[in-house]
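Working notes for the structure below.
Laboratory data are not the source of any read-out in this text; all were calculated from the coordinates shown. What you see is a predicted model; the values in this text were computed from it and never measured. Glycine also receives a Cβ, built like all others from the backbone with ideal geometry; neighbour counts cover every protein chain displayed.
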Amino acid sequence: MKERRATYGVTLKNEPIYTCAQREAVEENPGKEFGDFLPVFAADLTPANPKGTFKGTCFGEIDMEYVPVNGTAFQVKVTTAKPSSLLCSDYIMFGNTEFVHFEVFFGAFKGNHVINFNMPTVSEQKDVAFGGVKAFGFCDGVVKGMQSLLKTLSAFIGGLGSDPTKTPKILGPHVPKYMEEANIEFLRDAVQYPMETRNVTKVDIDPSLI
């Protein structure tokens with residue numbers, strides 16, 4: 001089993017702190033692990049710093065530029081180059097606090113692309129003027145993304161219900177076996193905290209000590 005370690009850090013100048021390459025280097029099943037369905041930071045495009053570059057899983061170079069059009073519209077110009085194949089693709093999410101937009105760039109169609117954005121409300125205009133638009137890249141395709149999503153949800157969803165009189169194995173509030181195993185795996189792989197099996201499961205405490 002590969003040693004797995006979560007990558008954290010603080011950087012300046014809008015440099016990515018977590019990349020697809022960093023994740024793949026330490027994961028046993030890249031794309032299928034906890035949280036792998038989430039995108040990684042690609043670029044921060046603002047009026048003050050309108051350009052950004054990102055290396056995707058398909059394209060070796062993805063250049064992005066924020067271009068204002070008028071008071072209620074702007075463009076993001078994307079130039080893709082060096083695809084690993086004609087059949088690959090990169091999935092990019094653009095957004096800020098006011099909107100989210102998804103765009104797919106296919107390896108067979110490298111070159112220049114223009115995405116038009118409208119911001120009809122005052123709040124949208126102020127948000128873009130202040131923080132621009134952020135871009136995030138997805139590391140894996142739909143199939144692996146769904147596998148990662150289901151695995152992540154298995155650590156949080158299970159034993160739903162608030163009525164303790166219900167049968168625990170069906171609807172009653174309890175922790176299913178798969179949920180227990182998912183949380184133990186997450187703590188071991190993401191936090192490096194292996195949960196040891198305890199033989200003592202019930203401890204009697206003197207009430208006077210409470």
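Between Leu86 and Phe99, what is the spin-label point distance in nm, taking each point 7 Å from the Cα along the Cα→C-beta axis?
Distance between label points: 3.4 nm.
Provide Leu149, Leu86 in ascending order of the number of other Cβ atoms located within 10 Å of each residue's Cβ, fewest first.
Lowest count first: Leu86, Leu149.
Taking only C-alpha pairs under 8 Å that are 6+ residues apart, what is the relative contact order of segment 20-141 in percent?
Relative CO of segment 20-141 lands at 30 percent.
For a quick check: sort Ile157, Ile210 by the number of other beta carbons within 10 angstrom, fewest at the front.
Fewest-to-most ranking of Ile157, Ile210: Ile210, Ile157.
For Ile205 and Ile157 in one chain, what is 0.36 nm times their gap in residues minus the Cα-Cα distance, to one decimal in nm?
Extending this stretch completely gives an extra 14.1 nm.
Which residues among segment 85-125 fall inside the zone where the amide N is under 13 Å from a point 7 Å beyond the Cα of Val69, along Cα→Cβ?
From segment 85-125, the list is 114-120.
Can you put Lys144, Lys51 in order of Cβ neighbours within 10 angstrom, beginning with the fewest?
In order of increasing Cβ crowding within 10 Å: Lys51, Lys144.
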